[in-house]
Amino acid sequence: MNATELLHRYLDQCPLVAIIRGVTPADADAIGDAIFEGGIRIIEVPLNSPDPLTSIDRLAKRFGERMLVGAGTVLASEDVDRVRQAGARLIVSPDTNPSVISAAAAAGLVSTPGYFTPSEAFTAIRAGATALKLFPAEGATPAMLKAQLAVLPRDLPILIVGGVKPDNMRPWLDAGASGFGLGGGLYKPGQSPAETLKKARAYVAGLNA
């Protein structure tokens, strides 16, 4: 299974990515369980979280093929192999860094770099991106995405990240978005598993609103 097939395997189940920035290894299992129970099948531990490789390792071992576990805020190509060894199969970045993208592609990992302009999008595509992350979406509009999709490859997934709420996803989906990354609206450090489950369910329900 190549990276594109791998990503679609989980996006087709639920087009949401849980970004659990700030999670600790001690909380990772319980938060992961809540997110899975809520219906989300892709989870990302940003590298600026406490001891992120340990959290990634715990989640990858706990969920195996049931979830796609990844690393976020990957800014350097040398981090790609470190997170791969920890069990991550997804590399997410806030920027368009060809060295990170190509390293992830070479390792057979799903690469989802951040972009904002068509120039950044095509730079990422040429480097081997599996999907693109429109970030920060607070500064964009569904109309902008629709215009970009007129020139971007039709089969390239675009994930919307930044300011996503359960009640504002429909305009993005109508414009052609493939899914969403959920940050602080889903999880904040220290948040209980019960609260995380409640929020996850609200986002899943919002997909059909």
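Of note:
Let's see how each residue does on (1) at pLDDT 95 or above; (2) within 27 Å of Gly87 (Cβ to Cβ); (3) open to solvent by less than 50 Å² (accessible area, probe 1.4 Å):
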site	(1), (2), (3)
Val110	yes, yes, yes
Phe116	yes, no, no
Thr123	yes, no, no
Arg126	yes, no, no
Ala131	yes, yes, yes
Ala137	yes, no, yes
Ala143	yes, no, no
Ala147	yes, no, no
Leu152	yes, no, yes
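- Qualifying residue in region 80-87 (condition: within 30 Å of Asn168 (Cβ to Cβ) and either free of Cβ contacts under 8 Å to residues at least 40 places away in the same chain or open to solvent by less than 20 Å² (accessible area, probe 1.4 Å) (or both)): no
- When restricted to residues that are touching a residue at least 24 places away in the same chain (Cβ under 8 Å) and either open to solvent by 50 Å² or more (accessible area, probe 1.4 Å) or among the aromatic types (Phe, Trp, Tyr) (or both), region 200-209 contains 4.
- Residues (within 14 Å of the chain's Cα centre (by Cα) and of a type outside the set (Lys, Arg)) located in region 14-34: Cys14, Pro15, Leu16, Val17, Ala18, Ile19, Ile20
- The lone exception for Ser119 - which of (1) touching a residue at least 24 places away in the same chain (Cβ under 8 Å); (2) more than 26 Å from Gly22 (Cβ to Cβ) it fails: (1)
- Matching residues in region 2-22 - criterion: being open to solvent by 60 Å² or more (accessible area, probe 1.4 Å) and touching a Ser or Thr at 6+ places or on another chain (Cβ under 8 Å): Thr4, Arg21
- Any hit, region 23-42, residues being at pLDDT 95 or above, open to solvent by less than 10 Å² (accessible area, probe 1.4 Å) and closer than 24 Å to Ser102 by Cα: yes
- The set of residues in region 169-193 being open to solvent by 30 Å² or more (accessible area, probe 1.4 Å), over 18 Å from the mean Cα position of the chain (by Cα) and either under 22 Å from Gln13 (Cβ atoms) or of a type in the set (Gly, Ala, Ser) (or both) consists of Arg170, Asp174, Gly190, Ser192, Pro193.
The values are calculated or read from the model by the stated rules, or taken from the named source; none is laboratory data. These numbers were taken from a predicted model, which means no experiment stands behind them. Here the Cβ is made from the backbone with ideal geometry for all residues, glycine too, and neighbour counts use every protein chain on show. Accessible surface is based on the protein model in full, side chains and every heavy atom, while ligands, DNA and RNA are left aside. Shrake-Rupley method; radii C 1.70, N 1.55, O 1.52, S 1.80 Å.
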